[in-house]
Amino acid sequence: MRCYWRVRVQDSAGSVGPWSPQWSFSTYIPMPGETRLVAATPLPNRADYIQLKWSRAENATEYWLQLSAQASFNRLISSAVTSDTSRNLNGTTEGVHYYWRVQPRNVAGTAAWSATGDFTIIIAPSDLAVQVNSAYQAVLTWRDRSKVEGGYVVERKAGAQGEFAMLVTLASGATTWTDSTVQKGESYTWRVRAAKDSLTSLPGNEVSLTLTSVRGEGALPLEYSLSQNWPNPFNPSTRIAFSLPRAEWARIALYDLLGREVRILLDQEMAAGHHQVGFEAGQLAGGVYICRMHSGDFIAARKMILMK
């Protein structure tokens with residue numbers, strides 16, 4: 001914008017002199033810069049509330065936020081203008097795929113829309129608890145809060161500085177799982193996520209336990225069992241726990257998805273009790289494999305994922 005100005009003198013008697021020569025100047029307000037979407041964070045235990053955050057754009061004085069259930073944004077669920085870089089919205093629904101974007105603005109004009117973000121709210125499980133059973137295994141229980149989950153993912157880390165790794169995936173509606181791979185003297189922390197297709201919720205509360213009792217003596221298993229390998233997915237090694245209520249010949253083998261036997265992990269007489277067998281993938285190609293245990297009349301199988 002171009003502005004003009006001039007000055008003249010006025011004395012104490014009220015007389016004025018002539019105007020000075022006219023001067024001019026121009027003001028310039030730069031266009032706003034671009035913004036970047038930062039996070040879409042649901043409120044714990046609620047599907048009807050979401051907090052959206054984005055980065056501050058240079059020279060922007062306000063931001064136009066749009067939320068839609070359509071990638072084209074032809075129909076908007078919410079449209080708001082704010083000077084902040086976050087906005088709390090309610091009215092969302094669990095399981096719906098949402099899209100959102102932000103446009104920086106000022107009096108000089110508008111910047112381009114941000115890249116489109118998307119999110120689906122899945123309510124995380126709550127009230128996770130852990131107890132040790134008579135076989136010195138960790139029994140996890142939790143509250144199912146989601147109405148749309150297709151299953152649950154159990155994650156565990158060892159020690160305070162460890163990283164969480166997926167232990168097992170469970171069917172929809174599951175509210176308990178037994179971790180039979182815990183070791184004496186080790187400290188563990190677990191958490192559980194609800195899952196839907198390729199999406200997972202935020203993790204629920206964490207629980208920790210240090211196992212101080214010795215498994216085995218006077219606590220023989222009452223039934224056969226084959227536990228999920230841990231870690232899973234894995235590369236290159238993993239461990240598989242199994243239980244025998246009596247001394248029995250046990251055979252554990254690995255198969256590909258075509259049913260071909262690719263590795264024998266165990267094939268011998270075993271004492272009653274809780275056991276583990278290790279597995280090194282070696283030159284096996286990455287993919288899904290089936291671990292199958294046969295002992296007496298007991299047959300069980302677990303899916304294992306080798307990541308390469």
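FYI, it's all coordinate maths here, none of it is from the lab. Please read these numbers as outputs of a predicted model, since none were measured by experiment. Positions of Cβ are generated from backbone atoms using ideal geometry, with glycine treated the same way; all protein chains shown enter the neighbour counts.
Miscellaneous remarks
To keep it simple, each residue is scored yes or no on (1) touching a strand residue (DSSP E or B) at 6+ places or on another chain (Cβ under 7 Å); (2) assigned to a loop (DSSP other than H, G, I, E, B); (3) small (Gly, Ala, Ser).
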{"position": "Glu149", "(1), (2), (3)": "yes, yes, no"}
{"position": "Val153", "(1), (2), (3)": "yes, no, no"}
{"position": "Trp177", "(1), (2), (3)": "yes, no, no"}
{"position": "Val182", "(1), (2), (3)": "yes, yes, no"}
{"position": "Ala195", "(1), (2), (3)": "yes, no, yes"}
{"position": "Glu223", "(1), (2), (3)": "no, yes, no"}
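- Criterion violated by Ala160 - all others in (1) part of a loop (DSSP other than H, G, I, E, B); (2) hydrophobic (A, V, I, L, M, F, W, C); (3) more than 16 Å from Gln228 (Cα to Cα); (4) in contact (Cβ under 8 Å) with a residue 40 or more places away in the chain satisfied: (4)
- When Glu223 is tested against the conditions (1) free of Cβ contacts under 8 Å to residues at least 12 places away in the same chain; (2) closer than 18 Å to Val139 by Cβ, the lone failure is (1).
- Selection count where residues are surrounded by fewer than 16 Cβ atoms within 10 Å (Cβ to Cβ) and among the polar types (S, T, N, Q), scope region 275-308: 2
- A count restricted to region 1-57 and to residues that are assigned to a loop (DSSP other than H, G, I, E, B), closer than 19 Å to Ala112 by Cα and in contact with a Gly (Cβ under 8 Å, 6 or more places away or on another chain) stands at 3.
- Looking across region 17-31, the residues that are loosely packed, with under 10 Cβ neighbours inside 10 Å and not small (Gly, Ala, Ser) come down to Pro18, Pro21, Gln22, Phe25, Thr27, Tyr28.
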